[in-house]
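In what follows, a structure is listed as structure tokens, so that the remarks can point back to it.
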Protein chains: 2
Amino acid sequence: MAIRRTLHPFDLQEFLESRTAAVNTALDSYLPPAKTKPGTIHAAMRYPLFAGGKRMRPAVCLAAATACGGKEAEAMPLACAVECIHTYSLVHDDLPCMDDDDLRRGKPTTHVQFRPSVDAAGRKRGEAVALLAGDALLTQAFEIAAHCRSWPRYSHQDIMLELARTAGSLQLIAGQVADLEGEGRKANLKELRYIHERKTSALLCCSVRLGGMSANCTPAQLKALTDFGYNVGLAFQVIDDILDVTQSSEKLGKTAGKDIKAQKSTYPALIGLKKSRGVAKRLTQEAFKALKPFGKRAVALEALGTFLLNRDY
Amino acid sequence: MAIRRTLHPFDLQEFLESRTAAVNTALDSYLPPAKTKPGTIHAAMRYPLFAGGKRMRPAVCLAAATACGGKEAEAMPLACAVECIHTYSLVHDDLPCMDDDDLRRGKPTTHVQFRPSVDAAGRKRGEAVALLAGDALLTQAFEIAAHCRSWPRYSHQDIMLELARTAGSLQLIAGQVADLEGEGRKANLKELRYIHERKTSALLCCSVRLGGMSANCTPAQLKALTDFGYNVGLAFQVIDDILDVTQSSEKLGKTAGKDIKAQKSTYPALIGLKKSRGVAKRLTQEAFKALKPFGKRAVALEALGTFLLNRDY
């Protein structure tokens, strides 16, 4: 994993490209080869994992390690574990019984890609394969994370608990369920924030925290990273809500107005566009404020935050 | 957790009842209360977990700890983790895109139980809830297991890797996929054993191994426990194949002849009833032979093996 020293002024594109390549190489080495028996499951695990994801969670994880004076190599298993969890959640989210999406990033979703054959009993195989591929990716995340070591301030147990709690029924899955239940009825602002916190902030926050933990960060640094991850995640989601209203599908690169159609509560629907923009701006400021204590070491993290939030909203 | 000292002759019924109660208490304490927000997911996690499962995997895990001179309390988180993995696999296995089963242990399966409402978009909610409940139980398994400590011979990492590898794409999920793909075409004996090893033996084997590891067992003891778990698991599955052919549905407590109907390859279909009985007998003998070195400490493990295999086949 050859990573070039980044020079000031910070070259975000170079950072993203080199880290995506490094993460892909690491993921490839952690997962069983595609032809490992049974071939179907290993092909189906790799298909969504290497479908062109932007690797934003691994990127912030690695950047957080650097911000705390750690080595990216130490954070790599955790960056990969987080990406596996993100990918599994997308695969299951796209299934017919959930969001029933046929396309993601312009490619067929996993259950569509593996749909071609039905078994002797006439059941569609694509859904079963996607279900099991998601299960396998979730399991793989814990296997990969288990490869990490302990640090003076953070035990192996701390790391595993951080990951399991984030992916579990009080965080990531809670967000999915609340989102599902929120459709078709008007949620209030508190409920909406509850969903955003869990669906988006939780895993982003976990990514930067794990990066920091792999650098044996101080409690104060961990708190700052938590604030950064939390606020970036929330701001990102509020901006998404705004763009769903204001942008055309073409500019958005996905179906606009989808939230309104699904009768989902959004920030603009609840408090109007102007106030929503104010909330997004405030959350963004909070996020960057949290990075102050890290000084120049947080240059990558800051650039990633800017990349995520500096959209035309 | 008050556990009575077991006296010779061994009272298996008392052992099973007291351990089931202890495991249920522990599981109840590990899982978020049913009313924890979002209530749907926590109710849906608890529903299949407390639906009357026999707790055989936790039982062999605890008994293996005792066989190696350890304490059941040390093995308890691992026993509970294994049961969560077993339960998640059943919940996902019952889904319409997999085996499409409406009943398990005489009760509605999770997606049927949570079916009543559809959301605004007209999607059935039961399947989504069952999917997420399975995901949450799998995640919960790793959170519970992460509570365990390290032992001189087995690190926290060893424990987590054992669990993740067993549940992953080379073992448990490989078994599901191979089983799915095997339907509708004639598998040979090697392929059938591949499926049985992964669908049944793997998690049983992992249960006894984790029990042993929690007792800081010697490498020789771990090898013996592995042999026991592997052979009991395989024998159990071969006997199941035999009973599916020879027994009536009434006596079996489930639909007989299901394997034939699904065009699944079975031992009797491949090598006939007589030879299948020979295989089951040989595997059973291997299993009990493995327990010899443990002497009287393995009394519970031996009784559990007898309970699992001593069926009228």
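In the set B:Tyr88, B:Tyr154, which member is over 26 Å from B:Ser18 (Cβ atoms) and of a type in the set (Phe, Trp, Tyr)?
Working: B:Tyr88 fails: over 26 Å from B:Ser18 (Cβ atoms).
Going through B:Tyr88, B:Tyr154 in turn, the sole match is B:Tyr154.
Here is a yes/no grid of residues against (1) outside any helix (DSSP H, G or I); (2) over 20 Å from B:Ser89 (Cα atoms); (3) touching a residue at least 60 places away in the same chain (Cβ under 8 Å):
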| residue | (1), (2), (3) |
| --- | --- |
| A:Ala128 | no, no, no |
| A:Thr139 | no, no, no |
| A:Leu163 | no, yes, yes |
| A:Ala178 | no, yes, no |
| A:Tyr194 | no, yes, no |
- Look through the range A:95-118, keep the residues that are touching a helix residue (DSSP H, G or I) at 6+ places or on another chain (Cβ under 7 Å) and under 21 Å from A:Leu172 (Cα atoms), and return whichever of them is farthest from the other protein chains (Cβ to nearest Cβ). A:Arg104
- What number of residues within the range A:180-192 satisfy the criterion of being part of a helix (DSSP H, G or I) and either under 20 Å from A:Leu283 (Cα atoms) or of a type in the set (Lys, Arg) (or both)? 4
- Task: Go through (1) within 14 Å of chain B (Cβ to nearest Cβ); (2) closer than 30 Å to A:Pro116 by Cβ; (3) at pLDDT 95 or above one by one and return the number of the condition A:Ser29 breaks.
- Result: (1)
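Does A:Thr110 fit the bill of being within 14 Å of the chain's Cα centre (by Cα) and among the hydroxyl-bearing types (Ser, Thr, Tyr)? Can you show your working first?
On the way: within 14 Å of the chain's Cα centre (by Cα): no; among the hydroxyl-bearing types (Ser, Thr, Tyr): yes.
So A:Thr110 does not fit the description; no.
Can you work out which of the residues in the range B:165-176 that are part of a loop (DSSP other than H, G, I, E, B) and touching a helix residue (DSSP H, G or I) at 6+ places or on another chain (Cβ under 7 Å) is farthest from B:Glu74 (Cα to Cα)? Let's see the steps before the verdict.
Taking the range B:165-176 first, the residues part of a loop (DSSP other than H, G, I, E, B) are B:168-171.
Next, only the ones that are touching a helix residue (DSSP H, G or I) at 6+ places or on another chain (Cβ under 7 Å) stay: B:168-169, B:171.
Working: B:Gly168: 24, B:Ser169: 28, B:Gln171: 25 Å.
Looking at the filtered set, the residue picked out is B:Ser169.
Suppose we filter B:Arg193, B:Arg165 for residues that are facing another protein chain (nearest Cβ under 10 Å) and of a type outside the set (A, V, I, L, M); which single one remains? Lay out the reasoning, then the answer.
Numbers: B:Arg193 fails: facing another protein chain (nearest Cβ under 10 Å).
Criteria check complete, one pass: B:Arg165.
What is the residue count in the range B:141-157 for residues that are of a type outside the set (A, V, I, L, M), within 21 Å of B:Cys205 (Cβ to Cβ) and within 9 Å of chain A (Cβ to nearest Cβ)? Give the steps one after another, and end with the answer.
Filtering the range B:141-157 down to residues of a type outside the set (A, V, I, L, M) leaves B:142-143, B:147-157.
Okay, now just the ones that are also within 21 Å of B:Cys205 (Cβ to Cβ), so B:142, B:148, B:151, B:153-157.
Narrowing further to those that are within 9 Å of chain A (Cβ to nearest Cβ): B:142, B:148, B:155-157.
Number of matching residues: 5.
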- Note on the structure: With criteria (1) closer than 30 Å to A:Glu191 by Cα; (2) in a helix (DSSP H, G or I); (3) within 14 Å of chain A (Cβ to nearest Cβ), B:Thr87 comes up short on (1)
- Message: Being crowded, with 24+ Cβ neighbours inside 10 Å, assigned to a loop (DSSP other than H, G, I, E, B) and more than 8 Å from chain A (Cβ to nearest Cβ) is the requirement here; does B:Cys217 meet it?
- Response: yes
- When (1) touching a Pro at 6+ places or on another chain (Cβ under 8 Å); (2) more than 14 Å from A:Val60 (Cα to Cα); (3) not basic (Lys, Arg) are applied to A:Ala224, the one that fails is (2)
- How many of the residues making up the range B:35-55 are surrounded by fewer than 19 Cβ atoms within 10 Å (Cβ to Cβ) and away from chain A (no Cβ under 11 Å)? 5
- Message: Of everything in the range A:78-109, what is surrounded by 22 or more Cβ atoms within 10 Å (Cβ to Cβ) and farther than 23 Å from B:Leu132 by Cβ? Give them in sequence order.
- Response: A:Leu78, A:Ala79, A:Cys80
- Task: Those residues that are more than 8 Å from chain A (Cβ to nearest Cβ) and surrounded by fewer than 22 Cβ atoms within 10 Å (Cβ to Cβ), I need them from the range B:168-181; list them, please.
- Result: B:Gln171
- Within the set of pairs 6 or more residues apart or between chains, which connect a residue that is within 22 Å of B:Gly278 (Cβ to Cβ) inside the range B:236-256 to a residue that is among the aliphatic types (A, V, I, L, M) and modelled with pLDDT under 80 with Cβ atoms less than 7 Å apart? B:Leu243/B:Leu252; B:Asp244/B:Ala256; B:Gln247/B:Ala256
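Specify the residue that is modelled with the lowest pLDDT; the eligible residues are those in the range B:249-278 that are in contact with a Gly (Cβ under 7 Å, 6 or more places away or on another chain) and of a type outside the set (D, E, K, R).
Initially, the range B:249-278 is screened for residues in contact with a Gly (Cβ under 7 Å, 6 or more places away or on another chain), giving B:263-265.
In the following step, the residues that additionally are of a type outside the set (D, E, K, R) were identified as B:263, B:265.
Numbers: B:Gln263: 65, B:Ser265: 81.
Residue satisfying both the conditions and the ranking: B:Gln263.
The values are calculated or read from the model by the stated rules, or taken from the named source; none is laboratory data. Note that the structure is predicted; figures quoted are calculated from it, not measured. Note that each Cβ is placed from the backbone with ideal geometry, even for glycine, and that neighbours are counted across all protein chains shown.
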